[in-house]
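Enquirer: The structure follows.
The values are calculated or read from the model by the stated rules, or taken from the named source; none is laboratory data. Remember, it's a predicted structure, so these values are computed and weren't measured experimentally. Neighbour counts are summed over all protein chains in view; Cβ atoms, including those assigned to glycine, are modelled from backbone coordinates with ideal geometry. Surface areas here come from the heavy atoms of the whole protein model, side chains and all, with no ligands, DNA or RNA. Shrake-Rupley method; radii C 1.70, N 1.55, O 1.52, S 1.80 Å.
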Amino acid sequence: MKYNDVAKNKNRFTITAALPYTNGPIHIGHLAGVYVPADIFARYLRLQGKDVAFIGGSDEHGVAIPMKAKKEGVSPQQIIDKYHHIIKDSFKEFGISFDNYSRTSKPVHHKTASEFFKKLYEEGKFIEEVTEQLYDQEAEQFLADRFVTGTCPRCQYEAAYGDQCENCGSSLNATDLINPKSTITGSKPVLKQTKHWFLPLDRYEEFLREWVIKGHRDDWKPNVYGQVKSWIDEGLKPRAVTRDLDWGIPVPVPGAEGKVLYVWFDAPIGYISSTKEWAEREGKDWEPYWKDSRLVHFIGKDNIVFHCIIFPSMLQAHGDYILPENVPANEFLNLEGQKLSTSKNWAVWLHEYLEEFPDQQDVLRYTLTANAPQTKDNDFTWKDFQAKNNNELVAIFGNFINRVTVLTHKYYNGVVPAADQLTDHDKQTLEDLKSYPGIISGLIEKYRFREAAAELMNVARLGNKYLADEEPWKVIKQDESRVKSIMYVSLQIAAALAVLSEPFLPFTSNKLRDIIAFDTLKTQPNWESIKKESELITAGHTIGASTLLFAKIEDEQIQKQLDKLEATKKLNAEESHAAKAVEPQKPLIEFDDFAKLDIRTGTILEAEKMPKADKLLILKVDTGIDVRTIVSGIAKDFKPEDIVGKQVTVLVNLAPRKLRGVFSEGMILMAQNSKGKIVFINPDEDMVNNGTAIS
């Protein structure tokens, strides 16, 4: 079977990073799984002199957007504008070096996605079917997958979404759910007929077996290859490329009114449209980056099926584009032993980290890389974050650079000394240094970033060991000439670290380049020169002032983060308890029964305790109709003096009852919050007139 997956131009790379939904900020799970490894790879390739297009953007058409808008009581446009800027600004400040970061709401994307769909439509690549979809009769609309929850048919998880079970990871259709429920109204949806277009994935099984199962058995990560093989072995089915929704890209064919392109179809095309936007801005031709380029997708494991089966099938159906060379998807990162959850706020949010740990981007980058969930889920803990900083970045990397620069200024006023005579130990150390670019390159090119970062730290260990073995602070008293050679060798290691650290620790690399004064060197060290040359900075070069690369992170800073998580855990437990405590719905009543209730706003004028009764208060309430006495069982939650003047909601036509000798003429409406405290049900607006009817 003919397909295009080998670029003729081996030096051109198109690197994509999964488009984040603009329904919330970025957290450490996103960074560890996608954006930090993608950035390491892009920065490394640039250092190799490759032609790189590192492409990203915001996915602004997912059903999660209108869901978030509905929850916050704003428009979808307000949601995407808010979070797009938070995400984009956070990425920039964190050093994710996108060549272009776009938005799927831009005209260039709408045009690109529409043209892609029309080409496949006109060539008969879709099948058209009338199917039964879940429909909310109360809301009078078809339900997008994320607007439906129910029991997963595979693992019996009771809160699965209509497109995916977050418990077992199974991809679902909303109609697969057991006991489905609309998240809009809470009602049980019905099946209703609707017309849609489908991509017949079953027609691409042979292509996928040839391309992935045979072609990438040995070079794709086992977690990715295994998931793809499992999907194909189960048999692929047609998948809808359109849906009934009012938010998204309108389906650009006749008879498709009220329908938009399914987000899984339009979002990956966002890589192409973002590349077009970048190329136009830079005066480049975008086509070579999608037709003769080494394409690599960086994603999390929840996106494997879309980037290894569905998007490649779309590209194959289109016929003009190259297929990905690799899709090095990572597994999930947990937080303090628990699964990350945006809905439960169990996360470390990037924009908050940047505020709370200023100028410490590289600490988080290093920790996430060292704990990368490359082939299995891994865990982030704040204690480990502190240890990675204090015991490795500060004590190994930072300590070596500080000692070298301080001693160079102390002994030679910052001037690189000439080596008098190199010993065998000196020569072996410089030879060992030459091996590291090749070792690190080999690991990065196999997408083993965790091991590559460990080898970078080994370069700093090489320097520390060399200094510890040679002890220039002692030798200076007996042999000043020998110390010149020791400091010369040490400075070569420091210069190498400035280059080799750039993919992993870009901010540190820049600081170190400034300390060594790279800008004043006639020839700046690079990745290749470290491999081949023993002299990276020459004798007579003057380095800059010594500054600390990393600061120690104190216990108090870590405890603050742990306290924040503990507060989140406590709040989640309270909300969970409250949710479980919700009483089931009472039997249905007719509208006429409801219409009998006369509910009005009122104001408490007087309040006193009922004699010999711990729970009861005697209230005088202005109902707008009259001033009447109401006995209410709220004495344990409210002091009489605290509620005088309080506006309340009153059932005024409740038959009077005699309570401990006092006639009560109505009922104050109350509710219980998640902490078990009784609260008043009162109008949102201040000073609603007493006697206003509630209906």
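Enquirer: Taking only protein heavy atoms and a 1.4 Å probe, what accessible area per residue, in Å², does the chain have with all protein chains in place? Kindly include the intermediate steps, with their values, before the conclusion.
Expert: Details: 32560 Å² over 695 residues.
Heavy-atom SASA per residue in the chain reads 47 Å².
Enquirer: A follow-up question, please. Return the tail of the calculated pair distribution for the chain, meaning the percent of Cα-Cα pairs more than 41 Å apart.
Expert: Numbers: 109539 of 241165 pairs.
Value for the chain: 45 percent of Cα pairs lie more than 41 Å apart.
Enquirer: For the range 451-553, with all protein chains present and a 1.4 Å probe, just round the carbon and sulfur fraction of the accessible area to a whole percent.
Expert: Exposed carbon and sulfur together represent 49 percent of the surface.
Enquirer: Counting only protein heavy atoms and a 1.4 Å probe, tell me what percentage of the range 633-672's accessible area is made up of carbon and sulfur.
Expert: On the range 633-672, the fraction of accessible area on carbon and sulfur atoms equals 49 percent.
Enquirer: Given the Cα atoms of the range 212-326, and with Rh set as the inverse mean 1/r over their pairs in the Kirkwood sense, what is Rg to Rh to two decimals?
Expert: Value, to two decimals: 1.00.
Enquirer: Follow-up question, since we're still on this one. Could you give the angle, 0 to 90 degrees to the nearest 10, between helix 263-282's Cα long axis and the longest principal axis of the Cα atoms of the chain?
Expert: That works out to roughly 50 degrees.
Enquirer: Still on this model: Please report, in debye to the nearest 20, how large the charge dipole of the chain is about its Cα centre when each Lys and Arg carries +1 at its beta carbon and each Asp and Glu carries -1 there.
Expert: So the dipole magnitude of the chain works out to roughly 640 debye.
Enquirer: If you count, for each residue, the other Cβ atoms within 10 Å and average over each peptide, how do 63-71, 292-300 line up from highest to lowest? Let's see the in-between values first.
Expert: Values: 63-71: 19.0, 292-300: 22.6.
In descending order of packing, they fall as 292-300, 63-71.
Enquirer: In Å³ and rounded to a whole number, note down the convex hull volume per residue for the Cα atoms of the range 591-674.
Expert: It comes to 106 Å³ per residue, whole-number rounded.
Enquirer: Let me ask something additional. Going toward the positive end of the dipole of the chain, with +1 on Lys and Arg Cβ and -1 on Asp and Glu Cβ, which of Thr408, Gln48, Ala174 do you reach last?
Expert: Result: Thr408.
Enquirer: For the range 95-245, what is Rg from Cα atoms divided by 2.2 N^0.38 Å, rounded to two decimals?
Expert: My calculation over the Cα atoms of the range 95-245 gives 1.24.
Enquirer: First check a/c for the range 181-228, with a ≥ b ≥ c the square roots of the eigenvalues of its C-alpha gyration tensor; if it is under 1.5, answer rounded, and if not, answer prolate when a/b is larger than b/c or oblate otherwise.
Expert: Cα axes put the range 181-228 in the oblate bin.
Enquirer: Over 10 Å intervals from 0, what percent of Cα-Cα pairs in the range 15-98 sits in each interval?
Expert: Result, from short to long distances: 18, 44, 26, 10, 2 percent.
Enquirer: Next up: How many angstrom lie between the C-alpha centres of the range 547-565 and the range 6-42?
Expert: If you average the Cα positions of each part, the centres end up 28 Å apart.
Enquirer: Applying a 10 Å radius around every beta-carbon, put 544-550, 249-255, 656-662 in order of their mean neighbour count, most first.
Expert: Top of the packing list down: 544-550, 249-255, 656-662.
Enquirer: Given that compact globular proteins tend to follow 2.2 N^0.38 Å, what is the ratio of the alpha-carbon Rg of the range 199-278 to that value? All intermediate terms of the calculation are to be shown ahead of the outcome.
Expert: Details: Rg = 16.2 Å, N = 80, 2.2 N^0.38 = 11.6 Å.
Dividing the Cα radius of gyration by 2.2 N^0.38 Å gives 1.39.
Enquirer: Looking at the chain only, what percent of DSSP beta bridges run antiparallel? Nearest 5 please.
Expert: Looking only at bridges with both residues in the chain, the antiparallel portion is about 75 percent.
Enquirer: Next question, about the same structure. Determine the order of Phe680, Phe591 by accessible area, beginning with the largest, at a probe radius of 1.4 Å.
Expert: Phe591, Phe680
Enquirer: I've got another one for you. Let me check I have the definition right: for the range 442-579, take the eigenvalues of the Cα gyration tensor, multiply each by 5, take square roots. What are those semi-axes in whole Å, largest first? Don't skip to the end; give the middle numbers.
Expert: Values: eigenvalues 344, 80, 44 Å².
Here the semi-axes work out to 41, 20, 15 Å.
Enquirer: Hey, if you put +1 on the Cβ of every Lys and Arg and -1 on every Asp and Glu Cβ in the chain, which of Thr242, Ala635, Gly645 ends up farthest toward the positive end of that dipole?
Expert: Going by the Cα projections, it comes out as Ala635.
Enquirer: I've got another one for you. Just tell me which lysines come within less than 17 Å, Cα to Cα, of Lys570; anything on the same chain fewer than 8 places away is out.
Expert: Lys339, Lys344, Lys560, Lys580, Lys675, Lys677
Enquirer: A further question on this structure: Quick one: which of 25-31, 649-655 comes out on top by average Cβ neighbours within 10 Å, and what's the full order, highest first?
Expert: So the order, starting with the most tightly packed, is 25-31, 649-655.
Enquirer: Related question: Could you grab the relative contact order for the chain? Cα pairs under 8 Å, six or more apart, rounded to a whole percent.
Expert: Taking the mean separation of contacting Cα pairs over the length of the chain, I get 12 percent.
Enquirer: Quick one, what does Rg over Rh come out to for the range 502-643 if you take C-alpha atoms and the Kirkwood Rh?
Expert: Numbers: Rg = 36.2 Å, Rh = 24.3 Å.
Reported Rg/Rh, Kirkwood definition of Rh: 1.49.
Enquirer: Magnitude of the Cβ-charge dipole of the range 303-387, K/R +1 and D/E -1, about the Cα centre, nearest 20 debye?
Expert: My answer is approximately 300 debye.
Enquirer: Turning to a different aspect of this structure: For the range 275-366, which whole-number percentage of the solvent-accessible area (1.4 Å probe, protein heavy atoms only) is attributable to carbon and sulfur atoms?
Expert: Carbon and sulfur together cover 40 percent of it.
Enquirer: A further question follows. For the range 232-300, state the semi-axes of the equivalent ellipsoid (square roots of 5 times the eigenvalues of the alpha-carbon gyration tensor), sorted largest first and rounded to whole angstrom.
Expert: 27, 20, 10
Enquirer: Any idea which of Gln137, Ile96, Pro107 is furthest toward the positive side of the dipole for the range 82-145, if Lys and Arg beta-carbons carry +1 and Asp and Glu beta-carbons -1?
Expert: Positive-most Cα among the choices belongs to Ile96.
Enquirer: Cα centroids of the range 362-387 and the range 459-506: how far apart, whole angstrom?
Expert: With the range 362-387 and the range 459-506 each reduced to a Cα centre, they are spaced 28 Å.
Enquirer: Let me ask another. Against the empirical 2.2 N^0.38 Å scaling, what ratio does the C-alpha Rg of the range 481-527 come to?
Expert: Dividing the Cα Rg of the range 481-527 by 2.2 N^0.38 Å gives 1.20.
Enquirer: Next question, about the same structure. Name the shape class, rounded, prolate or oblate, that the alpha-carbon gyration tensor gives for the range 298-420, where a ≥ b ≥ c are the square roots of its eigenvalues, rounded holds for a/c under 1.5, and otherwise prolate holds if a/b is larger than b/c and oblate otherwise.
Expert: Note, shape of the range 298-420 comes out oblate.
Enquirer: Could you list, in their original order, any pairs among Lys92/Lys229; Lys181/Lys586; Lys118/Lys284 whose Cα atoms are separated by more than 28 Å?
Expert: On the way: Lys92/Lys229 37 Å; Lys181/Lys586 18 Å; Lys118/Lys284 26 Å.
With Cα atoms farther than 28 Å apart: Lys92/Lys229.
Enquirer: Here is a further query. Rounded to the nearest 20 debye, what is the charge dipole size of the range 379-444 about its Cα centre when +1 sits on each Lys and Arg Cβ and -1 on each Asp and Glu Cβ?
Expert: Roughly 240 debye for the range 379-444.
Enquirer: Using only Cα atoms, locate the centre of the range 117-167 and the centre of the range 274-293, then give the distance between them in Å, rounded to an integer.
Expert: Here the answer is 34 Å between Cα centres.
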